[in-house]
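Every number in this text was worked out from the coordinates using simple rules, so none of it is lab data. No experiment lies behind these values; they were computed from the predicted model shown. Here the Cβ is made from the backbone with ideal geometry for all residues, glycine too, and neighbour counts use every protein chain on show.
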Amino acid sequence: MAGSIDNYYNSEEFKTNLNLYETSKREGKSCILGSEELADIAEYYFEKGKLADAKETAEYAASLYPDATAPKIVLARYYIMVKKDKEKAKECIEKITECNDLNYALLIAEYYIFTEKKEKAIMALDKALTYLEDEDLLDLPAEACNLLLDYGMTKQAKHYLELDRDKSSNDYLRMKARMAFAERKYEEGAEIMERLIDKDPFNTGLWKILAIEQNNFDKYSNAATSIEYALAIDDKDAEAYMILGNAFFKMCNYQLNRIMQLHDDVVSRDKMIIGTLNIVSGLIGAASGTPDMPSGVYGLYDGRKVYAPLYNILFANAGSSKGDLNFCRQLAKPLKDEMRREYEGKKMEYERLMAAYEAKRKQKAAEQKRKTAGQRMQTTDWLTTKHLFLSQSGH
């Protein structure tokens with residue numbers, strides 16, 4: 001599930017395994033990882049949109065461990081979700097010999113849905129309730145709900161969600177939020193997601209789920225803000241960039257539709273469209289840029305990098321409504337407001353730290369002053385005592 005999986009991908013254990021695998025691959029050496037670890041790496045590539053790497057890793061794991069289940073499950077899902085190839089997916093499934101674990105049950109259900117046999121998918125999930133044990137049995141309701149929601153089977157998903165025994169778990173709450181969104185109850189779903197994010201603010205999966213749903217409910221500026229947090233945590237997340245691009249595209253599309261409604265002549269429409277594209281190009285740069293690279297989005301022209309931001313110069317006579325272009329700036333307002341809030345927050349934090357530093361410095365100076373004064377007093381007392389002693393010796 002998105003949140004739990006992303007937590008694992010951020011763990012030191014997974015990072016070590018990934019580094020070991022990629023180093024072995026780069027150096028042309030065999031990898032000592034087991035089938036489960038290699039399957040996790042293939043799933044990671046799959047989630048990050050690196051589909052060729054996912055397939056290659058799963059095939060490598062299957063070649064090393066011919067009897068292992070996990071790599072074959074990854075390959076079957078690859079052929080279902082990416083290639084849409086029923087026969088190849090079926091071949092992978094038929095090679096699996098261990099048929100009594102949760103991932104196999106979910107795969108069979110997904111294959112039936114993919115082949116338009118939804119009733120058989122539900123029968124497979126119901127059957128899994130009779131043979132799964134321990135953690136697999138506890139995890140089945142939320143995982144089944146997640147799968148069914150992916151395919152728009154809301155009614156059936158709700159049935160499985162109600163079977164979940166632990167209604168305080170994060171997985172249950174995530175699915176409850178997804179269910180609320182599927183039933184067009186945005187406020188309820190968003191409130192649950194925000195509670196989960198408050199408990200785990202560095203979980204990119206949660207931010208992505210929230211941003212996707214905000215896009216679905218036409219809350220594009222909110223989606224852009226949410227996905228910016230995910231990218232701040234992991235600036236190499238390909239899925240996050242796709243979500244961000246979708247939010248900007250929809251914002252732009254909305255703006256363009258409004259332009260068509262408000263401006264009924266060709267010249268005015270052209271003027272406003274150019275202004276909108278100018279603003280959007282800047283948003284792309286601001287969203288994906290770094291201090292060393294003004295924008296992460298660029299093309300190659302004549303062997304040189306050409307970055308996204310556009311610069312427009314318009315010449316027109318007085319009274320030709322050039323001032324209308326100022327309204328295009330409203331498109332960037334949500335991002336600008338968010339950047340302003342972030343700046344103000346960092347400024348307040350800086351001022352707090354500076355005040356603490358100054359207080360500590362003054363305290364240290366005062367302590368040093370007291371210490372010096374004490375040393376001077378001790379020296380004075382010693383000299384006085386010495387003088388008295390010498391005076392008495394003289395007598």
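Classify the chain as rounded, prolate or oblate from the Cα gyration tensor: take a ≥ b ≥ c as the square roots of its eigenvalues, call it rounded if a/c is under 1.5, otherwise prolate when a/b beats b/c and oblate if not.
It comes out oblate by the Cα gyration axes.
Counting only helical runs of four or more DSSP H residues, what would the 222 nm mean residue ellipticity of the chain come to if each run contributes -39,500 (n - 2.57) and the total is spread over all its residues?
Helices in the chain give a 222 nm mean residue ellipticity of -24500 deg cm²/dmol.
Can you put T57, T23 in order of Cβ neighbours within 10 angstrom, beginning with the fewest?
T23, T57
Using Cα pairs closer than 8 Å and at least 6 residues apart in sequence, work out the relative contact order for the chain, in percent.
Value for the chain: 8 percent.
Explain nothing, just the number: relative contact order of the stretch 175-270, from Cα pairs under 8 Å at least 6 residues apart, as a whole percent.
19
Mind pulling the angle between the C-alpha long axis of helix 186-199 and the longest principal axis of the chain? Nearest 10 degrees, somewhere in 0 to 90.
50
Could you order peptides 256-265, 120-129, 102-111, 32-41 by the average number of other Cβ atoms within 10 Å of their residues, highest first?
Going by the mean number of other Cβ atoms within 10 Å, highest first, we get 102-111, 32-41, 120-129, 256-265.
What is the local net charge at Y151, summed over the other residues whose Cβ is closer than 15 Å to its Cβ (Lys, Arg +1; Asp, Glu -1)?
In short, +3.
Report, to the nearest 10°, how far helix 204-216 tilts away from the longest principal axis of the Cα atoms in the chain, using its own Cα long axis and a range of 0 to 90°.
Computed tilt is about 60 degrees.
Within 10 Å of each residue's Cβ, count the other Cβ atoms and sort C99, C252 from fewest upward.
With the sparsest Cβ surroundings first, the list reads C99, C252.
Taking K55 as the anchor, which lysines have their alpha carbon closer than 23 Å to its alpha carbon, excluding any fewer than eight residues away along the same chain?
Result set, ordered by chain and number: K15, K25, K29, K72, K83, K84, K86, K88, K90, K95, K236.
Add +1 for every Lys or Arg and -1 for every Asp or Glu among the other residues with Cβ under 12 Å from the Cβ of L244, and state the total.
Value of the local net charge: -2.
Report the net charge of residues surrounding Y350, where surrounding means a beta-carbon distance below 13 angstrom and charges are Lys +1, Arg +1, Asp -1, Glu -1.
-2
Translational diffusion coefficient, Stokes-Einstein: compute it for the stretch 59-190 using the Kirkwood radius over C-alpha pairs as Rh, at 4 °C and 1.567 mPa s, and state it as an integer in µm² s⁻¹.
Rounded, D is 84 µm²/s.
How do the peptides 195-206, 87-98 rank, highest first, by the average count of neighbouring beta carbon atoms within 10 Å per residue?
The densest-packed peptide leads the list: 195-206, 87-98.
Quick check: the angle from helix 118-131's long axis to the longest principal axis of the chain, C-alpha only, nearest 10 degrees?
60
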